[in-house]
Amino acid sequence: MAETVGGPSSEDRPTPPHSGAGSPAGRTDAQGVYHQPAPISFGMLAFYLLLMVLLIYASSRGTFSSFPFITELLIGVFLLFLVRSAATRYRLDAEELVAWRIFGNRRIRLETVRKIEYANLRDLGPVGMFGSWGWRGRLWSPIVGSFDAIQTVSSGLLVTAGTHPLFISPKDPDAFAQELSRRVRSYTGPLETDVGNLRRAATPSGF
């Protein structure tokens, strides 16, 4: 039976009627590479816009009068992080899972994947959320220890591979988990925990 980290079990989630390759959120190109973006976080968008409005207001009040161009510089930084988040996307080829964003990505060899789980960033209880702004997005959780997070929202998938698990938030996590599972199992066979293996989830315990 599939396990989860901070998210509903496979029994609690509806089985999607489509395969990974047929997901409206993802596509497989002519080279067999599967692509799926991360969803746009409207909460994060509102947060950055609010910061920029407050910054412009403070600048109009003369708060930064002794620091030339500081307002423009900070707005540029906020816009960079906003675009960086919006550009987050994931790719599966014959050998790797690639979680990509501007100025930072993480690559995982498919044969090293040990678990594919549903997860929620809030339930993982990460310490030091500012780490997600860094190159690797390295965070620490009392549940799983150090892990990387390349995501835009708090719900998604936790992929355990190598030294540090990777948390991602594909737009359609069900479809992405299925496609990832299919490709990983072509290397390793069944995984210890695998929410993307629908056949295994549908097999009664003990068979």
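The values are calculated or read from the model by the stated rules, or taken from the named source; none is laboratory data. Everything quoted here is computed from the prediction, not taken from an experiment. Here the Cβ is made from the backbone with ideal geometry for all residues, glycine too, and neighbour counts use every protein chain on show. Heads up: the accessible areas ignore ligands, DNA and RNA and are worked out on the full protein's heavy atoms, side chains in. Shrake-Rupley method; radii C 1.70, N 1.55, O 1.52, S 1.80 Å.
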Reported set for segment 94-111 where residues are open to solvent by less than 10 Å² (accessible area, probe 1.4 Å) and touching a Phe, Trp or Tyr at 6+ places or on another chain (Cβ under 6 Å) is A99, G104, L110
Picking from R13, R101, R61, the residue that is of a type in the set (D, E, K, R), under 23 Å from V153 (Cβ atoms) and modelled with pLDDT under 85 would be R13
Only unsatisfied item for E3, checking (1) open to solvent by 80 Å² or more (accessible area, probe 1.4 Å); (2) at pLDDT 85 or above; (3) charged (D, E, K, R); (4) under 30 Å from T163 (Cβ atoms), is (2)
Filtering segment 35-69 down to residues that are in a loop (DSSP other than H, G, I, E, B) and out of contact with any Lys or Arg (no Cβ under 6 Å at 6 or more places or on another chain) yields A38, I40, S41, R61, G62, T63, F64, S65, S66, F67, P68, F69
On the given criteria, is A149 open to solvent by less than 30 Å² (accessible area, probe 1.4 Å), within 28 Å of F42 (Cα to Cα) and touching a residue at least 60 places away in the same chain (Cβ under 8 Å)?
no
Expected output for segment 178-197 (first residue touching a residue at least 24 places away in the same chain (Cβ under 8 Å), partner open to solvent by 60 Å² or more (accessible area, probe 1.4 Å) and outside any helix (DSSP H, G or I), Cβ below 7 Å, 6+ apart or cross-chain) is Q178/S19; L191/R114; E192/R114; T193/E3; N197/P190
Any residue in segment 62-76 that is more than 26 Å from P142 (Cα to Cα), among the hydrophobic types (A, V, I, L, M, F, W, C) and touching a residue at least 12 places away in the same chain (Cβ under 8 Å)?
yes
By residue number, the members of segment 25-45 that are closer than 11 Å to E179 by Cα and of a type in the set (V, I, T) are T28, V33
When restricted to R27, R114, the only residue in contact (Cβ under 8 Å) with a residue 24 or more places away in the chain, open to solvent by 60 Å² or more (accessible area, probe 1.4 Å) and under 30 Å from V184 (Cβ atoms) is R114
Given (1) touching a helix residue (DSSP H, G or I) at 6+ places or on another chain (Cβ under 6 Å); (2) closer than 20 Å to A99 by Cα, S59 misses just (2)
task = Report whether or not R136 is at pLDDT 95 or above, surrounded by fewer than 23 Cβ atoms within 10 Å (Cβ to Cβ) and not in a helix (DSSP H, G or I).
result = no
Review point. Is it the case that G162 is of a type outside the set (K, R), surrounded by fewer than 17 Cβ atoms within 10 Å (Cβ to Cβ) and touching a helix residue (DSSP H, G or I) at 6+ places or on another chain (Cβ under 7 Å)?
Key: yes
